Amino acid sequence: ALAGNLDLNRVLNDVLEKIFEVMKADRGVIFLLDPKDGKLIRSAQRARGQKTTGEIPVSGTILNHVLKTQCSVLTSDAMKDDRFAEGQSILMQNIQSAACVPLICRKKVVGVLQVESTQRIQAFTREDLQLLTGIGGQAAIAIENAGLLRKAEEEAEIRTNLQRYLAPQIAQQVIE
């Protein structure tokens with residue numbers, strides 16, 4: 001479903017839709033890495049059973065850990081996980097379980113995908129993390145392809161504009 005789509009926004013929303021079909025996530029967010037400055041940009045989000053009018057809160061502690069290590073993270077009890085003991089966002093957002101994977105294409109991180117559950121009885125499993133990692137890998141390829149298409153379209157538009165600008169000048173020089 002992801003491979004045949006080259007519209008970036010649609011790819012990202014499809015990724016979250018598929019994840020919510022197969023996992024018991026309460027919220028999910030995809031961040032893409034800005035190639036210019038390396039900052040994460042919130043690019044898609046979803047919350048189960050509610051409209052997303054503002055930014056869905058996610059744990060910056062987990063997100064930054066995944067970005068730094070470029071390794072997936074699974075925590076079944078985020079509030080008691082020693083790796084994230086300093087993370088105030090985990091307590092404030094009542095995160096019980098979280099899974100977060102880097103989106104890697106051609107050995108380059110293009111983003112991060114994070115899902116969270118606020119219900120203790122719906123803790124994510126290793127199988128959930130494997131599934132999320134697989135979806136993340138496919139998403140990274142689709143994101144890269146959409147970016148390449150967008151870049152090619154921008155270059156074609158520049159060439160077209162350049163030709164429109166230069167054609168009258170060249171025609172005038174031929175006449176003279």
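Using packing as a proxy for protection, rank 15-25, 138-148 so that the peptide with the highest average count of other Cβ atoms within 10 Å comes first.
138-148, 15-25
Mind scanning Lys39/Lys107; Lys36/Lys107; Lys36/Lys151; Lys18/Lys108; Lys18/Lys151 and naming the pairs with a C-alpha gap bigger than 22 Å?
The pairs that break the limit, which is 22 Å between Cα atoms, are Lys18/Lys108; Lys18/Lys151.
Values in this text are rule-based calculations from the coordinates and carry no lab data. Just so you know, these numbers come straight off a predicted model, no measurement behind them. Cβ: placed from backbone, ideal geometry, glycine included. Neighbour counts: every protein chain shown.
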